[in-house]
Every structure is written in C-alpha cells, then in structure tokens.
Amino acid sequence: MAYTTYTTDALVIAARDRGGADRSVQLFTETHGMLSARASSVREERSKMRYSLQPFSLTTVTLIRGKHEWRITGTLPGHNVFWSAPDRACRAFMLKFIRLIDRYITGEEEGAELYRIAKEGVLYLATSGSEVAYRIATFRLLAALGYIAPAGELTALLDERPLADIVHAYEPALDGQLMKDINRALSVSHLSS
C-alpha cells in the first residue's frame with residue numbers, strides 16, 4: 001500500500017519522549033493545522049531530524065498519515081526561535097504567545113492564513129518582544145480564529161502589513177479598547193487560564 005507524503009512548514013509546539021528513541025511531537029502546520037506526529041529514532045545521536053524537532057523550532061516536515069497516527073519521515077534544518085532570542089523578555093513573550101497558540105488552535109484543518117499570523121507573531125516576539133507587540137499579536141490571532149470582531153480603529157491592526165509595521169504605527173490611545181476586546185475574547189472562549 002502506497003502512502004501519500006505531505007511536506008509542510010511547521011512550528012514545533014512541544015515534544016515528549018516515547019518508547020526507546022522515539023518522540024511524539026506536537027506540530028502546528030501550515031497545511032494541516034495542529035497535529036501530533038511520531039518521529040522514530042529521533043533521540044539517537046545519529047538522527048538528522050534531532051535538532052529540527054526541538055520545541056519552538058520553525059522547520060519544514062515531511063509527514064505520512066498512517067492508520068492510527070501521523071509519522072514524520074523527514075525534516076529540513078530548522079530555526080529554533082527560543083535559542084535565537086536575544087534576551088529573557090523576548091523569550092518570555094514568545095513563550096506566552098506559543099502557549100496561546102497551543103491553547104486556542106485545535107484540530108487538523110488547513111489554515112495557511114492562521115499559520116502566517118502565528119509564525120509572524122512568534123518570529124517578531126522572539127526578536128523584539130514587548131508588551132504592545134504581544135497584545136497586537138494576540139489580537140490578530142484571536143481575530144483570525146473568530147473570537148474578536150474588530151471595529152473602528154482596531155481594524156487597522158489586521159492589515160496585511162507586516163507585524164513590525166503595525167507595531168511601529170500603533171497608537172497607545174487604543175490600549176483600552178484593545179485590552180477590552182482581548183479580555184472579552186479570552187472570557188467568552190472559556191479557555192483562559
């Protein structure tokens with residue numbers, strides 16, 4: 001029986017050791033949404049996928065849908081955003097954002113736009129994390145998931161412009177409405193911690 005292979009960009013959300021040298025990896029992928037996949041023998045020193053499948057890595061994975069689970073058959077060298085962050089503040093905001101992704105994105109479904117927003121947020125927060133950038137990235141993610149229906153001046157935060165441009169053009173006078181919308185979305189979702 002021939003299996004179809006899928007190659008997609010992915011963010012490694014978490015990894016858990018499994019059995020001998022295997023690892024179960026939670027991925028947020030561009031083409032299949034959030035999924036868990038098994039990587040065989042990835043913990044062995046000779047494994048070429050070992051570093052690409054570390055938590056908080058952005059990589060490209062090749063997957064096969066097995067009878068009971070996804071299996072990772074290959075990766076391209078990835079970029080670990082945690083270790084490349086310049087300081088603790090950047091790492092802290094980036095980790096908070098990844099936890100938000102993990103909590104609010106569930107299931108296997110295509111979401112290239114959602115993946116783009118999440119990836120852009122992770123990359124920006126890992127290099128220049130700030131409270132304002134974290135709020136805007138959170139707002140954009142929750143709006144893409146349908147938890148926020150932005151109105152008025154906040155709609156400008158959802159432009160196709162890069163996140164860096166939106167953060168630089170942000171007006172602090174919008175903080176009150178931005179936080180109100182985010183808090184309402186978190187409350188309505190019943191997923192906030």
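If you take the residues of the stretch 1-22 that are farther than 14 Å from residue 38 by Cα and among the β-branched types (Val, Ile, Thr), which of them is surrounded by the most Cβ atoms within 10 Å (Cβ to Cβ)? Of everything passing the filter in the stretch 1-22, 8 is surrounded by the most Cβ atoms within 10 Å (Cβ to Cβ). For the stretch 46-58, the count of residues that are in the same structural domain as residue 21 (by TED's automatic domain parsing), among the aromatic types (Phe, Trp, Tyr), surrounded by fewer than 18 Cβ atoms within 10 Å (Cβ to Cβ) and under 25 Å from residue 120 (Cβ atoms) is at least one.
On the given criteria, is residue 24 part of a loop (DSSP other than H, G, I, E, B), more than 15 Å from the chain's Cα centre (by Cα) and among the hydroxyl-bearing types (Ser, Thr, Tyr)? It is false that residue 24 is part of a loop (DSSP other than H, G, I, E, B), more than 15 Å from the chain's Cα centre (by Cα) and among the hydroxyl-bearing types (Ser, Thr, Tyr). Counting the residues of the stretch 113-127 that are over 16 Å from residue 161 (Cα atoms) and surrounded by fewer than 21 Cβ atoms within 10 Å (Cβ to Cβ) gives 1.
The values are calculated or read from the model by the stated rules, or taken from the named source; none is laboratory data. This is a predicted model, so every value here is computed, not measured. Cβ coordinates were reconstructed from backbone atoms using ideal geometry, including for glycine residues, and neighbour counts include every protein chain displayed.
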